[in-house]
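The values are calculated or read from the model by the stated rules, or taken from the named source; none is laboratory data. Source: prediction; values computed, not measured. Here the Cβ is made from the backbone with ideal geometry for all residues, glycine too, and neighbour counts use every protein chain on show.
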Amino acid sequence: MSVRILTLVLAMTVASTEVSTQIAKPGQTSPGAGPVIVVETEKGTFEFETYPNEAPKTVEHIINLVNKRYYNGQRVHRVVPGFVIQMGDQATRDMTKQEMWGRGNSGKPVGVAEISKTRRHVRGAVAMAHSGDAAKADAQFYVTLADQHRLDPDYTVFGKVISGMDVVMKIVMGDRIVRVTVRGATSASPQDLETVQ
């Protein structure tokens, strides 16, 4: 009897070790993930991995905006508790334009809807916001605060928070985004780093 129990315990230990090696630890990317984007806010920092295999144009578009410092100094313009936080409108740098927040973008949409059946709206998913046409998504993205699978068929999920979800949960409307960078990115030329206005 004790040999059976010992064999069972060993088998469970091996199985749990195999499972734990497949799950990304906080701050580490999951298999198939691309560059990591670091979002420094006044409440703290969170990081999300990107999915260039499923959403190559979207990931490239967002990384280009990050490298141009598009998001630096903006504010989170939408927070719906239990649903999402949203950012990416350059008008949020101006507190006197609060009634206009959420309408602006970079002016250069992604141009394609990269909706995947693989990447879904789980808690911490990062996806592109749009006003009716996923191909016209531009600079605004959101982070889900809970699973939101009803959004899966209509919105491009291009990333997922891998560290700092506690920071995401503390963010309120109007919180400032200090800086957004790509972790481990090589230094860009000065013209690449100009702030988009």
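Residues are listed down the side, and each one gets a yes or a no for (1) at pLDDT below 90; (2) in contact with a strand residue (DSSP E or B) (Cβ under 7 Å, 6 or more places away or on another chain); (3) under 20 Å from Ala33 (Cα atoms); (4) part of a loop (DSSP other than H, G, I, E, B):
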position: Arg150; (1), (2), (3), (4): no, no, no, no
position: Pro153; (1), (2), (3), (4): no, no, no, yes
position: Lys160; (1), (2), (3), (4): no, yes, yes, no
position: Val168; (1), (2), (3), (4): no, yes, no, no
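Restricting the search to strands (runs of 3 or more DSSP E) fully inside the range 77-141 and requiring at least 3 residues that are touching a helix residue (DSSP H, G or I) at 6+ places or on another chain (Cβ under 9 Å) gives 125-128. Given the structure, is Gly164 on the phi > 0 side of the Ramachandran plot and either modelled with pLDDT of 95 or more or not small (Gly, Ala, Ser) (or both)? Yes.
Checking each residue in the range 141-160 for being among the aliphatic types (A, V, I, L, M), closer than 13 Å to Arg119 by Cα and surrounded by 20 or more Cβ atoms within 10 Å (Cβ to Cβ) picks out only Val157. Would you say Gly132 is at pLDDT below 95, closer than 23 Å to Glu60 by Cα, surrounded by fewer than 16 Cβ atoms within 10 Å (Cβ to Cβ) and not β-branched (Val, Ile, Thr)? Yes; evaluated as a whole, the condition is true for this residue. Scanning the range 174-189 for residues that are modelled with pLDDT under 95 and under 30 Å from Gln98 (Cβ atoms) yields a count of 0.
Among the conditions (1) buried (at least 16 other Cβ atoms within 10 Å of the Cβ); (2) under 14 Å from the mean Cα position of the chain (by Cα); (3) among the basic types (Lys, Arg), the only one that Arg123 does not satisfy is (1). Residues considered: Gly73, Gly34. Of these, the only one that is in contact with a Pro (Cβ under 8 Å, 6 or more places away or on another chain) and assigned to a loop (DSSP other than H, G, I, E, B) is Gly34.
Residue count for the range 80-97 under the criterion of being in contact (Cβ under 8 Å) with a residue 12 or more places away in the chain, surrounded by 12 or more Cβ atoms within 10 Å (Cβ to Cβ) and farther than 22 Å from Gly132 by Cβ: the result is 1.
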